[in-house]
1. By per-residue mean of other Cβ atoms within 10 Å, what is the highest-first order of 272-284, 184-196?
2. May I have the convex hull volume per residue, in Å³, for the Cα set of the range 185-336?
3. Based solely on its DSSP helices, what 222 nm [θ] is calculated for the chain when runs of n ≥ 4 H residues each add -39,500 (n - 2.57) and the sum is averaged over all residues, nearest 500 deg cm²/dmol?
4. With a length cut of 20 Å (Cα positions projected on each helix's long axis) and a Kyte-Doolittle mean of at least -1.0, go through the chain and give me the DSSP H helices that pass.
5. Taking the highest mean first, how do the peptides 328-334, 33-39, 387-393 order by number of other beta carbon atoms within 10 angstrom per residue?
6. How about the range 337-446: which trypsin sites (Lys or Arg not before Pro) there are in a DSSP loop, with at most 13 other Cβ atoms within 10 Å of their Cβ?
7. Compute the relative contact order of the chain as a whole-number percentage, counting only Cα pairs closer than 8 Å that sit 6 or more residues apart in sequence.
8. Chymotrypsin sites (Phe, Trp or Tyr not before Pro) within the range 123-231: which are DSSP loop residues with at most 15 other Cβ atoms inside 10 Å?
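The values are calculated or read from the model by the stated rules, or taken from the named source; none is laboratory data. It should be emphasised that the depicted structure is a prediction, and the values quoted were computed from it without experimental measurement. When we count neighbours, we look across all protein chains shown, and the Cβ atoms used for this are built from the backbone with ideal geometry, even at glycine. These area figures cover heavy atoms from the full protein model, side chains too; ligands, DNA and RNA do not enter into them. Shrake-Rupley method; radii C 1.70, N 1.55, O 1.52, S 1.80 Å.
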Amino acid sequence: MTTIDPVRRELLKNALVTTADNALVMVMRTARTSNVKNSMDFSAAVCDGAGRLVAQGVAVPVHLGVVMPALEACLAHFGDDVREGDVLASNDPYSGCSHLNDIYTFKPVFVDGKRVAFVSLILHHSDLGGRVPGGNAADSMEIFEEGLRIPPLKMVAGGLVNETLMRIIEFNTRVPDRVMGDVRAQLAALDQAAAEAEKLAREWKPEVLEAYLDDLIDYAEILTRSELSKLPDGTVEFEEWNDDDGVGNGPIRIHLKLTKTGDQIEADFSQTDVDLGGAVHCNRAFTVSCTYAAIRTVLSAAIPNNAGLYRAITVKTKPGTFVDVTFPAAVGSRGQVGFRLRSIVLGALATLLPDQMPACAGGSEFAIAASGSDANGRRFLHLEFHNNTGLGANPDSDGQDAGPYCIGNLANVPVELIEAENPIVIDEYGFLPDTGGAGRYRGALGLVRQYRFLTDDIQVQVRADRFKSKPWGLFGGGAGGGASTTLNPGTDKAEALPSKFTRRFKAGDVLRVEMAGAGGYGLAEERDPEAIRADIAQGKVTAAHAREVYGVE
């Protein structure tokens with residue numbers, strides 16, 4: 001019987017988190033694509049020998065709620081055939097994963113023949129084939145259109161890389177040098193994480209480590225339930241509307257009934273609209289992950305991020321709805337509705353916790369994949385995500401312009417890098433005045449990103465929203481400014497484009513993307529005139545807007 005020392009438990013927790021973070025640093029320094037090494041669209045985690053999440057790194061939170069379902073599907077397939085030196089892998093949304101671009105990998109850790117842990121890495125690979133470069137086309141109707149579907153299998157078996165699988169991946173991507181570089185970086189970082197985890201397990205002794213991991217998960221559950229007990233009981237409902245589903249249907253109603261009772265909370269999405277097609281919707285695993293990440297934001301930062309945190313949270317969905325699609329639905333653009341789910345959960349929490357939560361964050365959940373040939377005939381693929389533009393206004397302060405939101409830690413892709421690697425010029429990148437939701441406290445401004453293409457026949461796929469359903473304010477605060485996309489703005493060939501499209505651009509064409517601002521908090525007439533004058537001086541608000549919205553000359 002192992003006696004748990006709370007100090008040693010804390011040391012173990014930090015060591016596990018460091019193991020995951022070290023893997024992320026290695027990926028960032030060795031990967032090839034800007035989406036990974038600059039945007040940091042990857043995550044790392046550590047699980048115990050049974051597959052329960054025990055630690056996660058500083059990563060993309062919406063990846064991490066999918067770790068256990070993805071590993072569970074791998075273990076269900078291989079059973080006892082999981083051996084030292086193996087790496088299990090899958091990207092199949094219908095085997096626990098979320099969409100094809102995210103390849104989930106798991107390496108078991110053994111000590112003296114006993115499996116004591118798994119280390120996990122998830123990378124968004126920029127292109128795995130499919131009908132449209134990048135694999136994220138909103139108008140795909142079946143998973144078979146979106147690229148290479150990898151069922152649970154062994155990417156490495158007994159230390160030997162599965163060269164057959166590697167060749168299949170290489171032959172199913174438009175940019176094999178970059179994608180294969182990312183795959184190798186993923187495997188190398190897994191090896192490093194596994195070595196660190198094995199060293200830790202040997203120092204602690206396997207039976208002692210197992211007892212401490214059990215306790216760490218239970219400890220997270222105890223703290224989570226304690227935190228939830230402090231929140232008021234009640235049932236609240238909140239809904240938002242997706243502009244469309246990418247194939248002409250919409251608006252789509254996403255509905256949540258949130259019930260907090262004692263030390264547990266239930267999120268029920270079963271009244272969400274029925275799915276009618278496209279690839280913007282998501283599977284249940286991703287909905288659950290987004291819900292976990294959003295609820296996590298109202299709990300103490302001291303709670304370990306592991307499976308115990310999830311035990312007090314129940315998520316209900318209905319198969320066949322927009323947030324629980326069924327095989328063989330395409331899900332490549334699932335990120336867009338994922339960020340909307342985040343806002344819906346936080347909107348419900350704001351109703352449950354008045355005067356404690358911010359208004360809706362800004363952003364059009366915008367993503368772009370542009371691919372073609374440069375002037376030298378080299379194939380390029382530019383992939384970029386701008387899922388948020390800044391934070392909603394708080395009960396006591398303005399929203400942070402260009403601030404990160406709770407379930408997506410993706411970083412900015414520098415303009416210089418985009419222009420160095422692709423035949424694209426960024427004509428404009430900056431804030432959009434007057435787009436922050438008005439109120440006692442102003443929401444963050446929207447952003448503009450304007451692309452000019454330098455070669456012909458560039459295929460561009462865009463996924464966005466918030467053209468109609470704008471980021472909401474709280475307690476009288478105004479909505480953030482809406483989003484838009486325009487072809488060749490300011491010319492006689494200007495054309496308003498839909499929120500989701502796939503089309504070809506020629507040399508000289510310009511794509512202007514305006515992303516939504518965040519919601520405001522409180523009544524506009526209560527805003528401090530000095531704050532308005534400061535906004536005008538900084539160019540965040542025009543004098544005309546201040547006069548019209550705030551009544552300030």
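1. Highest-to-lowest ranking by the protection proxy: 272-284, 184-196.
2. 147
3. Values: 12 runs with 159 residues, N = 553.
Mean residue ellipticity, 222 nm, calculated: -9000 deg cm²/dmol.
4. Values: long enough: 6-30 (37 Å, 0.24); 176-204 (42 Å, -0.42); 206-230 (36 Å, -0.14); 334-352 (27 Å, 0.78).
Flagged H segments are 6-30, 176-204, 206-230, 334-352.
5. Ranked from most to least packed, the peptides come out as 387-393, 328-334, 33-39.
6. For trypsin sites (Lys or Arg not before Pro) across the range 337-446 that sit outside H, G, I, E and B with at most 13 neighbouring Cβ atoms in 10 Å, the list reads Arg378.
7. Relative contact order of the chain: 13 percent.
8. Within the range 123-231, the qualifying chymotrypsin sites (Phe, Trp or Tyr not before Pro) (loop, at most 15 other Cβ atoms within 10 Å) are Phe171.
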